[in-house]
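To start, the structure under review is shown below, and the notes come after it.
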Amino acid sequence: MIRQEVMVHIRRGDEYLVLRRTDHAYWHAVAGGVEPGEDWRAAAVRELQEETGLTAVDVREIGAFAYEPADFEVNGGHVRAFAAEAPPGWEPTLNDEHDVYRWCSFDEAYSLLYWPEPKELLRKI
């Protein structure tokens, strides 16, 4: 079964948030699966809250992509990507999926992000 997932890039002014995953130690954006009966936008808002503590955020869709199965994925998936603006001074509260975060310039975030699709979608924010 093809997974339905969301990814959310967070920007705060001219900074971009990147998170290091605890399971595979790569840098990524907020991401997670769409639950049964949940729409894409609701999943993005929920994942933001679960992974960073950011709530009541207006998210906007910035693109979509599909991925093939990888060594640590059971199946491929379809991802809809969103962007959210964090308020000035806000800092994330990470859940157990991430161990470190960084606020970066566009160039730093682009170089840290592991997967090519999130890198390219960063350009659409």
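FYI, it's all coordinate maths here, none of it is from the lab. Small disclaimer: the values here were computed from a predicted structure and weren't measured. Neighbour counts run over all protein chains shown; Cβ positions are idealised from the backbone, glycine included.
Worth pointing out:
- Across segment 3-122, counting alpha-carbon atoms alone, Rg and Dmax equal 13.2, 38 Å.
- Charge dipole (debye, nearest 20) of the chain; +1 at Cβ of Lys and Arg, -1 at Cβ of Asp and Glu: 340
- Volume of the Cα convex hull of segment 12-52, divided per residue and given in Å³: 83
- Note on the chain: dipole from Cβ charges, positive end direction compared against SER105, TYR26, TYR67; the farthest Cα belongs to SER105.
- Computed Rg/Rh of segment 79-118, alpha carbon atoms with Kirkwood Rh: 0.95
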